[in-house]
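Here is the structure we will look at.
Please treat every number below as a calculation from the coordinates, not as lab data. Treat the numbers as computed from the prediction; the structure is a model and nothing was measured. Counting neighbours? That spans all protein chains shown, and the Cβs are built from the backbone with ideal geometry, glycine included.
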Amino acid sequence: DAGVIQSPRHEVTEMGQEVTLRCKPISGHDYLFWYRQTMMRGLELLIYFNNNVPIDDSGMPEDRFSAKMPNASFSTLKIQPSEPRDSAVYFCASSLGTSRGQYFGPGTRLLVL
Amino acid sequence: GQQVMQIPQYQHVQEGEDFTTYCNSSTTLSNIQWYKQRPGGHPVFLIQLVKSGEVKKQKRLTFQFGEAKKNSSLHITATQTTDVGTYFCAGYSSASKIIFGSGTRLSIRP
């Protein structure tokens, strides 16, 4: 079975540009998570969905960040406009309930110049 | 707000030595999970603990959940070079909050 799929794997963009990160969770999983990882701040939960509904978005840094899950097999994380401090690795993860582990995708390495 | 503190931040050991990392939550957790992330990789789920005082083992790894369900530990016996990576705990609260610890980076001298 395919794991969590993320695209793109690498993204380099200029400050002010819009960035869209994509995630396809494992089929059948009902939870989807977006994380950001940096050396300074570690692994931060940005938002998570249950059955396509956002449950907790308290980790979303500011209004420049938005996330959607239009269906059970696709989610996006959008940054508009992007800033250099947004440079990080963004992970998507999915799970079946909260009593089982999360399966992480390979991540998107974002560099904002 | 809820916090999950993890110590130590770094640990450098000689191959064959033991290793332990600790997680402490400011609030009672419903469960706690442990993950391992290899350098340049993504976090990989290791195990989940749910019950107060629970102890689980995976080969050389021993996981414990405190009686008050506010702390947890991961102990590796006789480390090997394949154990290199960063170990994270993730605490789940009854309020549907999930917080990852800051991680413990383990490096090993062969």
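Find which of B:Val50, B:Tyr22, B:Val84 sits farthest along the positive direction of the dipole of chain B, computed with +1 on the beta-carbon of Lys and Arg, -1 on that of Asp and Glu, about the Cα centre.
B:Val50
Give me B:His42, A:His29, B:His75, B:His12 sorted ascending by neighbouring Cβ count inside 10 Å, so fewest comes first.
B:His12, B:His75, A:His29, B:His42
Using just the Cα positions, wrap the protein assembly as shown in a convex hull and report its mean projected area in square nanometres, one decimal place.
Over all viewing directions, the protein assembly as shown projects a mean Cα-hull area of 12.2 nm².
Sticking with the crude label model, points 7 Å out along Cα→Cβ, report the distance from B:Val44 to B:Thr81 in nm, one decimal please.
1.7 nm
If I take the Cα coordinates of chain A and project them onto the principal axes, what are the three extents in Å, biggest first?
Extents along the principal axes: 38, 27, 27 Å.
Over the whole of A:102-113, what's the average partner chain Cβ count within 10 Å per residue? Rounded to a whole number, please.
2
I need the fraction of alpha carbon pairs in the stretch B:48-110 separated by more than 19 Å, rounded to a whole percent.
So the portion of pairs separated by more than 19 Å is 38 percent.
Please list, in order along the stretch B:44-53, the HN-Hα scalar couplings obtained from phi with the Karplus expression 6.51 cos²θ - 1.76 cosθ + 1.60 (θ = phi - 60°), rounded to whole Hz, x for Gly and Pro.
10, 5, 9, 6, 10, 10, 10, 8, 4, x
To the nearest 20 debye, what is the magnitude of the charge dipole of the stretch B:1-63 about its Cα centre, counting +1 on the Cβ of each Lys and Arg and -1 on the Cβ of each Asp and Glu?
260 debye
Per residue of the stretch B:62-74, in order, report the coupling 6.51 cos²θ - 1.76 cosθ + 1.60 (Karplus, θ = phi - 60°) as ³J(HN,Hα) in whole Hz, putting x for Gly and Pro.
10, 10, 10, 10, x, 4, 8, 6, 10, 8, 8, 9, 10
With each pseudo-label sitting 7 Å past Cα toward Cβ, what's the A:Leu96-A:Glu14 distance in nm, one decimal?
4.7 nm
Between A:Ser66 and B:Ala68, what is the label-point separation in nm under the 7 Å Cα-to-beta-carbon projection?
Here the answer is 4.4 nm between the modelled labels.
Net charge around B:Thr20, counting only other residues with Cβ within less than 13 Å of its Cβ (Lys, Arg = +1; Asp, Glu = -1)?
So the environment of B:Thr20 carries a net charge of -2.
Tell me the volume per residue, in Å³, of the convex hull enclosing the alpha carbons of the stretch B:7-49.
Spread over its residues, the Cα hull of the stretch B:7-49 gives 116 Å³ apiece.
What are the radius of gyration and Dmax of chain B, computed over its Cα atoms and given in Å?
Over chain B's Cα set, Rg and Dmax evaluate to 13.3, 44 Å.
When the Karplus curve 6.51 cos²θ - 1.76 cosθ + 1.60 is applied with θ = phi - 60°, which whole-Hz ³J(HN,Hα) does each residue of the stretch B:105-110 get, with x for Gly and Pro?
8, 9, 10, 9, 8, x
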